[in-house]
Amino acid sequence: MADKPSIPKGTRDFSPLEMTRRNHIFDTIRRIFQVHGFLPIETPAMEKLSSLMGKYGDEWDKLLFKVLNSGDFKAKLSTEELNQTSGKLGTKISEKGLRYDLTVPFARFVVQHRNEITFPFKRYQIQPVWRADRPQRGRYREFYQCDVDVIGSDSLLNEFELIQIIDEVFEALGLKVQILLNNRKVLAGIAEMIGSPDQMTAITVAIDKLEKIGHEGVLSELKQKGLSKDSCDKLEPLLQLEGPGLEKLEKLGGILEGSEIGMKGLAELRHLLEYVETDPVTCTLEFDLTLARGLNYYTGSILEVKSAEVAIGSICGGGRYDDLTGIFGLEGVSGVGISFGADRIYDVMLQLDRFPKRAALDTTLLFVNFGEAEVKHIIPILGHLRKYGIASELYPEQAKMKKQMAYADKREIPFVALVGEQEVKDGVVTLKEMETGKQERLGPEELVQRLSSAK
């Protein structure tokens with residue numbers, strides 16, 4: 001007996017209704033990216049593993065989906081090599097991997113095409129990414145990211161523009177959000193002031209889990225990773241620093257006075273907040289010292305967005321990266337970007353019932369099929385309506401009227417056109433509004449006007 005059809009865990013099929021709703025999110029995000037002057041690019045689903053490995057940190061490298069070399073991938077391996085651990089063997093039988101995010105492929109793209117693009121380069125990218133993560137609510141193995149980045153500019157105006165984009169996107173989608181803001185230089189300064197500058201990565205990875213595992217869990221993880229008791233004792237009060245964002249910045253100014261990098265991070269935060277004051281955002285924006293964004297490539301400003309209405313984790317995030325293109329041989333090119341998690345945004349909008357009741361491209365009108373003579377009369381009318389952007393259909397079979405009307409009802413098509421022998425003779429269409437049952441006889445041009453006003 002054949003296996004029941006199914007798909008891998010952490011992946012999904014999308015119905016027409018779901019795709020219409022997803023496209024509403026993508027179209028909204030794309031439109032706002034474009035009005036800010038960002039240009040679209042695409043990169044392949046697969047990258048060379050050499051491009052992906054070591055860019056995210058050890059924990060994230062484990063989540064890369066590797067692709068087996070084509071052909072007989074074992075042919076050139078010795079018995080000794082075949083008996084190696086899976087990690088070592090993997091590098092010999094797999095040279096490619098599915099992309100984990102859109103930022104590292106973007107850095108590779110910039111370096112590879114540096115002579116063809118104009119800096120500062122403003123790009124957006126809306127494509128799927130893959131992570132070998134444990135599937136759970138709001139976390140999938142295949143999901144879409146909507147990235148927007150500026151590369152080739154150090155200016156904090158870029159961070160400010162990204163904050164504006166976040167605000168505009170979520171306002172357009174009808175969602176209330178909270179933007180959390182921090183700076184990796186501040187975290188580097190903290191690592192320096194507690195006497196563990198070489199443990200910066202371990203500290204940020206642990207702090208990034210604060211919401212999940214709490215203060216004790218963070219300190220316990222850091223002790224396991226070799227952070228001294230003295231350093232942990234100095235870190236603990238910083239994790240519990242309270243008060244409004246600007247007040248916390250002032251308190252940190254006193255603590256980080258001896259750290260050049262820490263003070264630079266605080267100065268960048270203040271400068272960015274001054275820009276925001278010139279054109280305040282409608283959403284909540286606050287400084288959060290515990291925001292770490294665990295990925296290794298961030299070097300300056302970091303941002304994270306959470307729903308103010310649904311507990312689901314981050315729905316958008318990103319930050320400044322100074323060294324990413326250097327990995328691919330192009331030194332000294334700074335960039336900053338954010339990524340919208342379309343799948344989590346979808347889940348939030350679904351839970352809150354924030355999707356439009358009817359999508360703009362849903363079918364507006366269905367022509368009932370009375371027979372071949374009537375069909376030939378309808379075809380040019382149908383073409384005329386579509387030229388005016390009115391989504392219209394003709395039922396393909398001469399089925400019973402009840403069946404055709406049931407089709408319109410199930411599809412939630414608001415209007416049905418009846419063109420029988422008399423309508424053909426009179427050169428009109430009988431238009432029926434499904435919700436009210438009201439009928440009116442209209443000429444082709446009147447039909448266009450009537451349905452254009454109903455869209």
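No lab work stands behind these numbers, since they all come straight from the coordinates. Small disclaimer: the values here were computed from a predicted structure and weren't measured. FYI the Cβ positions are ideal-geometry reconstructions off the backbone, even for glycines, and counts take in every protein chain you see.
Points to keep in mind about this one:
- Farthest positive-ward along the stretch 16-352 dipole, Cα basis, beta-carbon charges - from Pro128, Val177, Leu289: Pro128
- In this simple spin-label model, placing a label point 7 Å from the Cα along the Cα-to-Cβ direction at both Arg411 and Ser452 gives a separation of 2.3 nm.
- Placed amide H near Phe367: partners under 5 Å, 5+ positions off or other chain: Glu393, Leu394, Tyr395, Ala417
- Only one residue of Tyr321, Ile194, Val419 has its Cα farthest out toward the positive end of the dipole of the chain, where Lys and Arg carry +1 and Asp and Glu -1 on Cβ, and that residue is Val419.
- Computed over neighbours whose Cβ is under 11 Å from that of Gly318, the net charge equals -3, Lys and Arg +1, Asp and Glu -1.
- With neighbour counts taken as other beta-carbon atoms within 10 Å, the residues His377, His384, His113 rank, fewest first, as His113, His384, His377.
- All Cα-Cα separations within the stretch 365-454 were binned at 10 Å from zero, giving a P(r) of 17, 57, 26, 0, each value a whole percent of the pairs.
- Total charge dipole magnitude, the chain, about the Cα centre, Cβ charges on Lys, Arg, Asp, Glu only, Debye to nearest 20: 1580 debye
- Dipole in debye (nearest 20) - the stretch 308-455, about Cα centre, beta carbon charges: Lys, Arg +1; Asp, Glu -1: 460 debye
- Segment Tyr388-Ser94, length gained on full extension (0.36 nm per residue, minus Cα span): 100.7 nm
- Packing-based ranking, highest mean first, of 349-355, 129-135, 147-153, 286-292 given that Cβ atoms within 10 Å are counted: 147-153, 286-292, 129-135, 349-355
- Cα-based radius of gyration of the stretch 247-347 once divided by 2.2 N^0.38 Å, which approximates compact folds: 1.22
- Bridge type composition, the chain - antiparallel percent by DSSP, nearest 5: 80 percent
- Direction-averaged projected area, Cα convex hull, the chain: 30.9 nm², rounded to one decimal.
- Around the Cα centre of the stretch 244-399, unit charges on the Cβ atoms of Lys, Arg, Asp and Glu (plus for the first two, minus for the last two) sum to a dipole of about 440 debye.
- Flagged links, alpha-carbon separation over 32 Å, of Lys62/Lys212; Lys176/Lys212; Lys9/Lys248; Lys176/Lys229: Lys9/Lys248; Lys176/Lys229
- Inter-probe distance in nm under a simple model that places probes 7 Å from Cα toward Cβ, at Arg137 and Ser15: 2.1 nm
- Cα-based helix-to-principal-axis angle, 210-224 vs the chain, degrees rounded to 10: 30 degrees
- Computed lengthening from Thr43 to Cys232, 0.36 nm per intervening residue step minus Cα-Cα distance: 63.8 nm
- Nitroxide proxy distance, nm - points 7 Å out along Cα→Cβ at Ala399 and Ile327: 5.3 nm
- Between the amide H of Val129 and those of Phe143, Tyr144, Gln145, distances stay under 5 Å, these residues lying 5 or more places away or on another chain, with hydrogens modeled in the peptide plane.
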